[in-house]
Amino acid sequence: MSTDAIVLLKDDHKQILRTFKDFEDAGDDAFVAKGRLVDRIIELLTVHTYIENEVMYPRVRELVPELEDDVLESYEEHHVADVLVMELSTMKPDDERFTAKTTVLIENVRHHIKEEEDEWFPEVREALGRKVLQEIGAAMVEARQKAPTRPSQPSALKKTIDAVIS
């Protein structure tokens, strides 16, 4: 298995996008299935944003300062997703706004993934090269082991976002 940071993140993106499609294909009254799928979405996004926020973004900010604005935008896009994930984690699948809120989350995350994969990843790959991306990837694999899987679990995410804003 590759430890290239971008390869690892793209693998996460594939899982996330597949789960989004399963949610969209579930049907209007498939409340049990939609509930399970949103639980999976929450887990995937919580882990993914943790490793990006804790490992990938800080390293890119440090090593490629010209991408600072892109990293800050990504933190904000994660923040929006975190808010929606937190709200969804307290809802029931048959709540009136559950599907609508999940749809907004999906739209926002798809936009974020597309920007990362089409624009940001190529710039990062060119700036950092294979060896550094493998080192970052190894740190991401390690961070994944301690990553929270639900938004209610304590995370360094708030500290990271607060540090970025300050």
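Any read-out appearing in this document is the output of simple, stated calculations on the displayed coordinates, not a laboratory observation. Just so it is clear, the structure is predicted and the values come from calculations on it, not from any experiment. Positions of Cβ are generated from backbone atoms using ideal geometry, with glycine treated the same way; all protein chains shown enter the neighbour counts.
Taking R0 as 35 Å, what's the FRET efficiency between Ala138 and Glu68 from their Cβ-Cβ distance, rounded to 0.05?
0.90
Can you give the helix-only mean residue ellipticity at 222 nm for the chain, where every DSSP H stretch with n ≥ 4 adds -39500 (n - 2.57) and the sum goes over all residues, rounded to the nearest 500 deg cm²/dmol?
That comes out to -25000 deg cm²/dmol.
Which order do Ser89, Ser2 fall in if you start with the one that has the fewest other Cβ atoms within 10 Å?
Ser2, Ser89
State log₁₀ I(q)/I(0) for the chain at q = 0.09, 0.11, 0.16, 0.17 Å⁻¹ as given by the Debye formula over alpha-carbon point scatterers of equal weight, solvent excluded.
Debye curve over Cα of the chain, log10 I(q)/I(0) at q = 0.09, 0.11, 0.16, 0.17 Å⁻¹: -0.30, -0.44, -0.91, -1.02.
How about region 40-142: which trypsin sites (Lys or Arg not before Pro) there lie in a loop by DSSP and see at most 13 other Cβ atoms within 10 Å? Don't jump to the answer; show the numbers that get you there.
On the way: sites: Arg40, Arg59, Arg61, Arg97, Lys101, Arg110, Lys114, Arg125, Arg130, Lys131; in loops: Arg97.
Of the trypsin sites (Lys or Arg not before Pro), the ones in loops of region 40-142 whose Cβ has at most 13 other Cβ atoms within 10 Å are Arg97.
Ordered by residue, what ³J(HN,Hα) values in Hz, to whole numbers, does region 106-120 give under the Karplus form 6.51 cos²θ - 1.76 cosθ + 1.60, where θ = phi - 60° and Gly and Pro are x?
Calculated HN-Hα couplings, in order: 4, 4, 5, 5, 4, 4, 4, 4, 4, 4, 4, 6, 7, 10, 6 Hz.
Using 7 Å Cα-to-Cβ label points, what is the Asp25/Asp39 separation (nm, one decimal)?
Between Asp25 and Asp39, the simple spin-label model gives 2.1 nm.
Calculate, in nm to one decimal, what Asn108 and Arg150 gain on full extension: separation in residues at 0.36 nm each, minus their alpha carbon distance.
Extending this stretch completely gives an extra 13.2 nm.
Enter the Cα centre distance for the pair region 1-45 and region 79-100, rounded to the nearest angstrom.
Centre-to-centre (Cα) distance: 15 Å.
Grab the beta carbon distance between Glu115 and Asp95, set R0 = 22 Å, and tell me the FRET efficiency rounded to 0.05.
0.15
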